[in-house]
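Here's the structure, in structure tokens; my notes come after.
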């Protein structure tokens, strides 16, 4: 058969449902093969949007999301999504085209070494030099992209290779089971936990994969150990319970950091070095148990005394089965932390000033969304408020990027979430800066008839950088801009546009949009002027009293 047909059959064998992307002339054989396949091509308006959609598909399903581009400029537009997937541990495969490699009449027109370009930001990258190599290259790309720690892979399919004939057979995926932790490490972990007086459970990004939530819930229910989460660990455990101490949204000084500092043992589950560390170890200080799929990356501030390496869910299950139920931890302090965190979180949620305060905005979105609703965030200062103030009840219901932390990913992520879970409510929250970086994908969302709500927090500036500029006592310079009329902008794409004129309007407007099957864009003016007072001063002053 034609090599491009074999390529598509190999993708089908891997369970691929969608390919997101923009084909070029170098992909035409592959495009024709896709036309006759079960795989649906999702045509986007920019390769970056396609890559973010593929990565989010991988994040939500645990399967490899696939995106497509042509050579040269199309391939370079996938660099940011590649880094997004690689740092965020999202399984993704990029397929790029290339000029003929056996003979060429166009010299080096649009030709760059894409394989070398992708090497530092992927787990695997390869050019297919023969149709016979397709089955093994595809299988290896999927294997490496999906195994722990997941990430990005890349295949380059040159135009002449795609058109040649091959009789190579497909390679079926092998059955694989992750290794489990050694018994002695489990026994040592049980002994350390039972010897502790004030342990705390820290849930990181690595625990938000591979169905660890069920085992962690059983562990916490039995032991009554309080828990905190990193930003990318949100939702692994229900954040409404009294054992929840908060999220490590700030670098230091929050209530949650008081709870961590008071603990004599930190059970660090799913630690990922891409996230900012919520604590720093010192010689003779706290004991740390590292429970993860892989060993710890040791540095001057992280050198755990015990590492439990293997499938996380299995490790937690083994520890839970062997540990004695213990509810007499030194819990009074933790109750004080929990109460102080809730009291402060709720203090400004009723403030009706306008433009809206971020605390009030986050509360209204939580009220509007069902427990299994999915909120995706672009990148901006509001991300701190959502991480800190938005209780998540289930894994992957608040999708934020605390790894690459790129702007422009919020809208494509919401679109992918709606494709994966068409029955669930989906909102994306973007700053005006991040929204405009991939706003063209509104046309894609409308074309796909997706019911998503896009909320633009408008401050007419790159707000987070402006805030940090002020914190460093620099003069305000170079970060303000103007915006289009977002209501008319939405309508120009065939979406529905709305504008909030007071804080009371927001909740009913969002609820109406969620229940109306269309693409909705809501322009919400936001006031970040109190960020410095609240995040840098008030929280630290209040938490220091604990």
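The values are calculated or read from the model by the stated rules, or taken from the named source; none is laboratory data. As the structure is a prediction and not an experimental result, all values here were calculated from the model. Positions of Cβ are backbone-derived with ideal geometry, glycine not excepted, and every protein chain shown enters the neighbour counts.
Criterion applied to 134, 203 was being in contact with a helix residue (DSSP H, G or I) (Cβ under 8 Å, 6 or more places away or on another chain), modelled with pLDDT of 95 or more and either under 30 Å from residue 277 (Cβ atoms) or not assigned by TED's automatic domain parsing to the domain that holds residue 25 (or both), and the one residue passing it is 203. Does residue 504 count as assigned to a helix (DSSP H, G or I), surrounded by fewer than 19 Cβ atoms within 10 Å (Cβ to Cβ) and touching a helix residue (DSSP H, G or I) at 6+ places or on another chain (Cβ under 6 Å)? No, not satisfied. Among the conditions (1) crowded, with 17+ Cβ neighbours inside 10 Å; (2) in contact (Cβ under 8 Å) with a residue 40 or more places away in the chain, the only one that residue 362 does not satisfy is (2). For residue 84, indicate whether it is at pLDDT 95 or above, over 22 Å from residue 24 (Cα atoms) and surrounded by fewer than 23 Cβ atoms within 10 Å (Cβ to Cβ). Judged against the criteria, residue 84 is not a match. Counting only helices (runs of 4 or more DSSP H) that fall entirely inside the stretch 1-93 and contain at least 2 residues that are free of Cβ contacts under 8 Å to residues at least 40 places away in the same chain and farther than 19 Å from residue 419 by Cα, the qualifying elements are 3-13, 28-35. Scanning the stretch 275-304 for residues that are surrounded by fewer than 18 Cβ atoms within 10 Å (Cβ to Cβ) and touching a residue at least 40 places away in the same chain (Cβ under 8 Å) returns 276, 294.
Here are the criteria: (1) buried (at least 21 other Cβ atoms within 10 Å of the Cβ); (2) closer than 29 Å to residue 84 by Cβ; (3) touching a helix residue (DSSP H, G or I) at 6+ places or on another chain (Cβ under 7 Å). Tell me which single one residue 211 does not satisfy. So the condition that residue 211 fails would be (1).
Count of the stretch 223-236 residues, restricted to those that are over 30 Å from residue 84 (Cβ atoms) and in contact with a helix residue (DSSP H, G or I) (Cβ under 6 Å, 6 or more places away or on another chain), is 1.
Going through the stretch 94-114 one residue at a time, which ones are in a loop (DSSP other than H, G, I, E, B) and in contact (Cβ under 8 Å) with a residue 12 or more places away in the chain? The answer is 99, 100, 101, 102, 103, 110, 111, 112. Does the stretch 166-182 contain at least one residue that is under 27 Å from residue 310 (Cα atoms) and touching a strand residue (DSSP E or B) at 6+ places or on another chain (Cβ under 7 Å)? The answer is yes; a qualifying residue exists. Just a yes or no: is a residue in the stretch 474-488 farther than 21 Å from residue 379 by Cα, at pLDDT 95 or above and touching a strand residue (DSSP E or B) at 6+ places or on another chain (Cβ under 7 Å)? Scanning the stretch 474-488 turns up at least one residue that is farther than 21 Å from residue 379 by Cα, at pLDDT 95 or above and touching a strand residue (DSSP E or B) at 6+ places or on another chain (Cβ under 7 Å).
Checked against (1) more than 28 Å from residue 249 (Cα to Cα); (2) assigned by TED's automatic domain parsing to the domain that holds residue 237; (3) crowded, with 18+ Cβ neighbours inside 10 Å, residue 154 passes all but a single condition, namely (2). Somewhere in the stretch 206-218, is a residue modelled with pLDDT of 90 or more, over 20 Å from residue 279 (Cβ atoms), over 24 Å from the mean Cα position of the chain (by Cα) and not assigned by TED's automatic domain parsing to the domain that holds residue 403? Within the stretch 206-218, one or more residues are modelled with pLDDT of 90 or more, over 20 Å from residue 279 (Cβ atoms), over 24 Å from the mean Cα position of the chain (by Cα) and not assigned by TED's automatic domain parsing to the domain that holds residue 403.
Checking the conditions here, which among 501, 529, 482 is within 15 Å of residue 361 (Cβ to Cβ) and touching a residue at least 12 places away in the same chain (Cβ under 8 Å)? The match here is 501. If you go through the stretch 506-526 and keep only what is without any contact (Cβ under 8 Å) to a residue 40 or more places away in the chain and either out of contact with any strand residue (DSSP E or B) (no Cβ under 8 Å at 6 or more places or on another chain) or farther than 16 Å from residue 363 by Cα (or both), you end up with 508, 512, 515. Can you go through 465, 442, 455, 427 and tell me which one is in a helix (DSSP H, G or I) and modelled with pLDDT of 95 or more? 442 is the lone residue from the list that is in a helix (DSSP H, G or I) and modelled with pLDDT of 95 or more.
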